[in-house]
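Trainee: What follows is a single structure, and I will ask about it in a moment.
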2 protein chains.
Amino acid sequence: MFSKTCEYAIRAMIYVAQQSKLDRRVSVKEVAEGIASPEYFTAKILQNLSRNNLLSSAKGPGGGFFLDKQGLKAPLAEIVRIIDGDDIFTGCGLGLAQCSEIQPCPIHHEFKQIRKGIISMLEKTKVGAFTEENSVHTLFLKR
Amino acid sequence: MFSKTCEYAIRAMIYVAQQSKLDRRVSVKEVAEGIASPEYFTAKILQNLSRNNLLSSAKGPGGGFFLDKQGLKAPLAEIVRIIDGDDIFTGCGLGLAQCSEIQPCPIHHEFKQIRKGIISMLEKTKVGAFTEENSVHTLFLKR
DNA sequence: AAAATAAAGGACAATGTTGTCTTTTATTCA
DNA sequence: TGAATAAAAGACAACATTGTCCTTTATTTT
């Protein structure tokens, strides 16, 4: 569904969001520990997200990554778009470039519905929607 | 969604199915041309599908790949399972191994519905469901 | 039996994804 | 100003996916 990079990105963003709601900035190291991901790789991902303004960052002591009010409202869709591109939003299920309503591939119509569901989920699920209390019982980010 | 290999596999199977309904066996070369895929790579894929009994093959002149009555009824799901494994059928949307009903990841419940849709589509769509006449107007397999 | 056909199998090359390490730049604090 | 902190950036290594080519095996036809 999503690339591994994208999975890390989503988990990392949710982790940062949780901490941001507690007014904490977090270092790459902490994020990587928090979501059980490879540290240096996670750094690259966070840098990428930051470059694309999905995330704020500050250098130096007391610095780290964080999300402001606006950032917390970003839907997962934005992360996916930046990391994986929008293949999943627009692409044909069979990878056919010319597939369209006029020249649909065999699974075009069924796939359209599924894609609609995916988009809907990714658009309505916001990065900041998961609290830490929740996380104890209903979610966790480590593998 | 699916790997490139899997996309080729699905398109190839549909192509072979169409020809099988016309009582034609097809060579790798013809399949590759029919679906606009790399020939040698397509050969590997067809061999794999054949090894896994999703497809029949015959060597020598007049040989090639074909599907019998049973084969035409195979759902796309079987192809996906063999080529991509069943990650898409069972895996967590965020790639978390421990994600489950009891310890759901943030998108677990929404994702469950989507997965259900994907499975349903793949199970109910049969390899032999697409006729050549259809293909002129409503489907094509080339990119 | 020999030639032709076509899949099967093995080896390998190119590319993309994932993961690691080191150096540089910016910021804070003493 | 100097030391410490932390992100940014660059280089590269490991691995997986995708793609190509060559040899072998099985079958048919002449």
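The values are calculated or read from the model by the stated rules, or taken from the named source; none is laboratory data. It should be emphasised that the depicted structure is a prediction, and the values quoted were computed from it without experimental measurement. We place every Cβ from the backbone using ideal geometry, glycine too, and count neighbours over all the protein chains shown. Surface areas here come from the heavy atoms of the whole protein model, side chains and all, with no ligands, DNA or RNA. Shrake-Rupley method; radii C 1.70, N 1.55, O 1.52, S 1.80 Å.
Trainee: Which of the numbered conditions does A:Gly85 fail, given that it passes all the others? Conditions: (1) open to solvent by less than 40 Å² (accessible area, probe 1.4 Å); (2) within 14 Å of chain B (Cβ to nearest Cβ); (3) touching a residue at least 12 places away in the same chain (Cβ under 8 Å).
Mentor: Against the list (1) open to solvent by less than 40 Å² (accessible area, probe 1.4 Å); (2) within 14 Å of chain B (Cβ to nearest Cβ); (3) touching a residue at least 12 places away in the same chain (Cβ under 8 Å), A:Gly85 comes up short only on (3).
Trainee: Being closer than 22 Å to B:Pro106 by Cβ and assigned to a helix (DSSP H, G or I): is that true of A:Phe65 here?
Mentor: no
Trainee: Also, quick follow-up: Considering segment A:40-53 alone, what residues qualify as being near DNA strand D (Cβ under 9 Å from one of its atoms) and open to solvent by less than 70 Å² (accessible area, probe 1.4 Å)?
Mentor: Passing the criteria: A:Ala43, A:Leu46, A:Asn48, A:Leu49, A:Ser50.
Trainee: Please enumerate the residues belonging to segment A:99-116 that are open to solvent by 30 Å² or more (accessible area, probe 1.4 Å) and either out of contact with any helix residue (DSSP H, G or I) (no Cβ under 9 Å at 6 or more places or on another chain) or in a helix (DSSP H, G or I) (or both).
Mentor: Passing the criteria: A:Ile102, A:His109, A:Glu110, A:Lys112, A:Gln113, A:Arg115, A:Lys116.
Trainee: Here are the criteria: (1) part of a loop (DSSP other than H, G, I, E, B); (2) at the interface with chain A (Cβ under 10 Å from one of its Cβ atoms); (3) not aromatic (Phe, Trp, Tyr). Tell me which single one B:Cys6 does not satisfy.
Mentor: With (1) part of a loop (DSSP other than H, G, I, E, B); (2) at the interface with chain A (Cβ under 10 Å from one of its Cβ atoms); (3) not aromatic (Phe, Trp, Tyr) applied to B:Cys6, the lone miss is (1).
Trainee: Considering only residues that are part of a loop (DSSP other than H, G, I, E, B) and in contact with a strand residue (DSSP E or B) (Cβ under 6 Å, 6 or more places away or on another chain), look in segment B:14-34 and name the one that is surrounded by the fewest Cβ atoms within 10 Å (Cβ to Cβ).
Mentor: That would be B:Ser27.
Trainee: Please find, among A:Ser37, A:Ser27, A:Ser50, A:Ser57, the residue that is polar (S, T, N, Q) and within 30 Å of B:Ile119 (Cβ to Cβ).
Mentor: Every option except A:Ser37 fails the conditions.
Trainee: Please find, within segment A:25-37, the residue that is farthest from A:Leu72 (Cα to Cα) out of those that are free of Cβ contacts under 8 Å to residues at least 24 places away in the same chain and within 11 Å of DNA strand D (Cβ to nearest atom).
Mentor: By that ranking, first place goes to A:Lys29.
Trainee: Give B:Phe111, B:Phe66, B:Phe2 a once-over and let me know the one that is under 27 Å from A:Gly85 (Cβ atoms) and within 16 Å of DNA strand D (Cβ to nearest atom).
Mentor: So the residue among B:Phe111, B:Phe66, B:Phe2 that is under 27 Å from A:Gly85 (Cβ atoms) and within 16 Å of DNA strand D (Cβ to nearest atom) is B:Phe2.
Results for (1) more than 9 Å from chain A (Cβ to nearest Cβ); (2) under 22 Å from A:Ala36 (Cα atoms); (3) modelled with pLDDT under 90; (4) within 21 Å of the chain's Cα centre (by Cα), shown as yes or no for each residue.
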| site | (1), (2), (3), (4) |
| --- | --- |
| B:Gly95 | no, yes, yes, no |
| B:Cys105 | no, yes, yes, no |
| B:Ile118 | no, no, no, yes |
| B:Met121 | no, no, no, yes |
| B:Lys126 | yes, no, no, yes |
| B:Glu132 | yes, no, yes, yes |
| B:Leu141 | no, no, yes, yes |
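Trainee: Right, another one. Quick one: would you say B:Ser37 is open to solvent by less than 40 Å² (accessible area, probe 1.4 Å), at pLDDT 95 or above and on the phi < 0 side of the Ramachandran plot?
Mentor: yes
Trainee: Given the criteria surrounded by fewer than 18 Cβ atoms within 10 Å (Cβ to Cβ), of a type outside the set (A, V, I, L, M, F, W, C) and assigned to a strand (DSSP E or B), does A:Ser57 qualify?
Mentor: yes
Trainee: While we're looking at this one, here's another question. Considering only segment A:38-73, state which residues are without any contact (Cβ under 8 Å) to a residue 60 or more places away in the chain and either in contact with a Leu (Cβ under 8 Å, 6 or more places away or on another chain) or of a type in the set (Asp, Glu) (or both).
Mentor: Scanning segment A:38-73 gives A:Glu39, A:Leu46, A:Leu49, A:Leu55, A:Ser56, A:Ser57, A:Phe65, A:Phe66, A:Asp68, A:Gly71.
Trainee: List the number of the failed condition for B:Leu72; all other conditions in (1) more than 15 Å from DNA strand C (Cβ to nearest atom); (2) more than 14 Å from chain A (Cβ to nearest Cβ) hold.
Mentor: (2) is the only condition that B:Leu72 fails.
Trainee: Identify the single condition in (1) away from every other protein chain (no Cβ under 11 Å); (2) outside any helix (DSSP H, G or I) that A:Gln47 does not satisfy, given that it satisfies every other one.
Mentor: Every condition holds for A:Gln47 apart from (2).
Trainee: Given (1) under 22 Å from A:Met1 (Cα atoms); (2) charged (D, E, K, R); (3) part of a loop (DSSP other than H, G, I, E, B), where does B:Arg11 come up short, assuming only one miss?
Mentor: (3)
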